[in-house]
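Before any comments, here is the structure.
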Amino acid sequence: MTLSVVRRLPGPARLEAFSDGVLAIVITLLVLEIKVPHIDDPQSAQEALGGLVRLAPKLLGYVLSFLFIAVFWINHHRFFQLIARVDNGLLWLNMLLLLAMSFIPFPTAFVGEYPWNGLALALFGLVLMVAGLAFHLMWRRARSHGLLHADVDVDTVRQAIRRGMVGPALYAVAAIVAFVLPIGAWTLCVSIPIYYALPRHQSQSSPGTSGNHAPQGHL
């Protein structure tokens, strides 16, 4: 790739800003699928409570998808703090990630409407799997094509790549399990974003290295 082509590609800051805008819209679309329940007696608290109970699957799907997107946004931001430059491959992998993320409101609404339907749950898991796999490939692309800052710790990147395969693998399992054991698929889908949201064991960093407490942050 010539220098002139590289200069025409968006920089890391612009790509991150564009991604932030897309994810903000996706999160907004999620809540639009939750409609106020209809009740015949406007004064009946019991009927209103029943309507809210019926909305429970949709609320759970909303919270789950919101948490998934929030974890992705945090790690996406941390990833781009480590990126020195963008190449064409990373650009398109990021677009694949945004493609999957922007589709999330549909399977979220689908599984909220039919929470025990195997196909709805499988679609939900597959979309999240594609998003996780795209982000994992972004890490690999950045490492293999020298897109990271020179002072980024190699062990940190290797750990992020290993950790990044857990989510896609488990979402694939959830998509399969959904057809035979829907509650198992739900359990996996709830557990995975929590796994990534929980703080990890932090190792000591030697002076001058980019450890897990470095300002850039890591997965």
| request: Based solely on C-alpha atoms, express the radius of gyration and the Dmax of region 24-138 in angstrom. | output: 17.6, 60
| request: Could you compute the FRET efficiency for Ala84 and Ala197, with r as their C-beta to C-beta distance and R0 at 30 Å, rounded to 0.05? | output: 0.65
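Counting only helical runs of four or more DSSP H residues, what would the 222 nm mean residue ellipticity of the chain come to if each run contributes -39,500 (n - 2.57) and the total is spread over all its residues? Working shown, then result.
Values: 10 runs with 154 residues, N = 219.
Roughly -23000 deg cm²/dmol at 222 nm, from the helical runs in the chain.
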| Simple spin-label estimate for Leu32 and Leu59 in nanometres, 7 Å along Cα-Cβ | 2.3 nm
| query | Which ordering of Ser191, Ser19, Ser65 is given by a fewest-first count of other beta-carbon atoms within 10 Å? | reply | Ser191, Ser19, Ser65
| message | If packing is taken as the average number of other Cβ atoms within 10 Å across a peptide's residues, how do 37-49, 98-110 rank, most packed first? | response | 98-110, 37-49
| task | Beta carbons within 10 angstrom, averaged per residue: use that to sort the peptides 84-91, 129-136, highest first. | result | 129-136, 84-91
| Whole-Hz ³J(HN,Hα) from phi, Karplus 6.51 cos²θ - 1.76 cosθ + 1.60, for region 176-186, glycine and proline x | 6, 5, 3, 7, 10, 8, x, 5, x, 5, 4
| request: Could you tell me which of rounded, prolate or oblate describes region 57-103, using a ≥ b ≥ c as the square roots of the eigenvalues of the alpha-carbon gyration tensor, with rounded for a/c under 1.5 and, failing that, prolate when a/b is larger than b/c and oblate otherwise? | output: oblate
| said: Give me the one-decimal Kirkwood hydrodynamic radius in Å for the chain, with the sum taken over alpha-carbon pairs. | reply: 18.9 Å
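Quick one: dipole size for the chain, taken about the Cα centre, charges +1 on Lys/Arg Cβ and -1 on Asp/Glu Cβ, in debye to the nearest 20. Mind dumping the intermediate values first?
Working: 15 positive and 11 negative charges, 171 e Å.
So the dipole magnitude of the chain works out to roughly 820 debye.
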| What are the radius of gyration and Dmax of region 27-82, computed over its Cα atoms and given in Å? | 16.6, 56
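Sort region 109-176 into rounded, prolate or oblate with this rule: let a ≥ b ≥ c be the square roots of the eigenvalues of the Cα gyration tensor; rounded if a/c is under 1.5, and if a/c is not under 1.5, prolate when a/b is larger than b/c, oblate otherwise.
Numbers: a/c = 4.16, a/b = 3.20, b/c = 1.30.
It comes out prolate by the Cα gyration axes.
Read-outs: derived from the displayed coordinates by stated rules, not from any lab. Here the structure is a predicted model, which means the values were calculated and not measured. Here Cβ is always computed from backbone atoms with ideal geometry, including for glycine, and neighbour counts include all displayed protein chains.
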